[in-house]
Amino acid sequence: MSCAAANHVSERKNTKAVPSTGFEKLFLSKVNVVRSKARKCGDEYFPAAPALILNHILNKAAHKHSQDMSKHQFLEHTSSNGDTLVERMQDVNYLWSAVGENIAHNQNSIGQVIEDWLRSPGHCSNMMSADYTQTGVANVNKYWTQVYATPK
């Protein structure tokens, strides 16, 4: 099961991209392979998009959301305390001009979650959008979160 959300409004504090864990780098590598080729997401055509870079603040936000979904056994873009993606970005002080999120549950591998997202127009659009330059990723007990953003 998967869900996609996107916003394009301004919020919080700018941050720098930094190296992350092996899991995060592998996820990033696989997503950037997807972005390197033009594709259709539903009825919408996307040209190849520039590679995303990992951001430790976005990794933290993704991990916190995956952890929350795992702990409370739910799959939603709204956190168990009612926070939206925008509010979660405020909580980690990330200033953005564009932000989006893909979530999923029960996939066994990075490859499987990416393939599932590619079959969904909304998720595929988030992955392919050139509006996003940075990402953060997490998997907690098969609760997957990928946050996409562009800093302000």
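The values are calculated or read from the model by the stated rules, or taken from the named source; none is laboratory data. Treat the numbers as computed from the prediction; the structure is a model and nothing was measured. Positions of Cβ are generated from backbone atoms using ideal geometry, with glycine treated the same way; all protein chains shown enter the neighbour counts.
Could you check segment 78-97 and list, in sequence order, the residues that are surrounded by 18 or more Cβ atoms within 10 Å (Cβ to Cβ) and within 20 Å of Ser129 (Cα to Cα)?
Leu85, Met89, Tyr94, Trp96
Please tell me if Gln107 is under 24 Å from Thr21 (Cα atoms), among the polar types (S, T, N, Q), part of a loop (DSSP other than H, G, I, E, B) and out of contact with any Lys or Arg (no Cβ under 6 Å at 6 or more places or on another chain). Show your work before the answer.
Values: under 24 Å from Thr21 (Cα atoms): yes; among the polar types (S, T, N, Q): yes; part of a loop (DSSP other than H, G, I, E, B): yes; out of contact with any Lys or Arg (no Cβ under 6 Å at 6 or more places or on another chain): yes.
It is true that Gln107 is under 24 Å from Thr21 (Cα atoms), among the polar types (S, T, N, Q), part of a loop (DSSP other than H, G, I, E, B) and out of contact with any Lys or Arg (no Cβ under 6 Å at 6 or more places or on another chain).
Taking the options Ser109, Ser125, Ser120, Ser129, name whichever one is in contact with an Asp or Glu (Cβ under 8 Å, 6 or more places away or on another chain), of a type in the set (Ser, Thr, Tyr) and at pLDDT 95 or above. Step through it out loud before you land on a result.
Details: Ser109 fails: in contact with an Asp or Glu (Cβ under 8 Å, 6 or more places away or on another chain); Ser120 fails: in contact with an Asp or Glu (Cβ under 8 Å, 6 or more places away or on another chain); Ser129 fails: in contact with an Asp or Glu (Cβ under 8 Å, 6 or more places away or on another chain).
Sole residue among the options that is in contact with an Asp or Glu (Cβ under 8 Å, 6 or more places away or on another chain), of a type in the set (Ser, Thr, Tyr) and at pLDDT 95 or above: Ser125.
Taking Ile53 and the conditions (1) of a type in the set (A, V, I, L, M, F, W, C); (2) closer than 17 Å to Thr21 by Cα; (3) buried (at least 17 other Cβ atoms within 10 Å of the Cβ), which numbered condition does it fall short on, given that it satisfies the others?
Among (1) of a type in the set (A, V, I, L, M, F, W, C); (2) closer than 17 Å to Thr21 by Cα; (3) buried (at least 17 other Cβ atoms within 10 Å of the Cβ), the lone unmet condition for Ile53 is (3).
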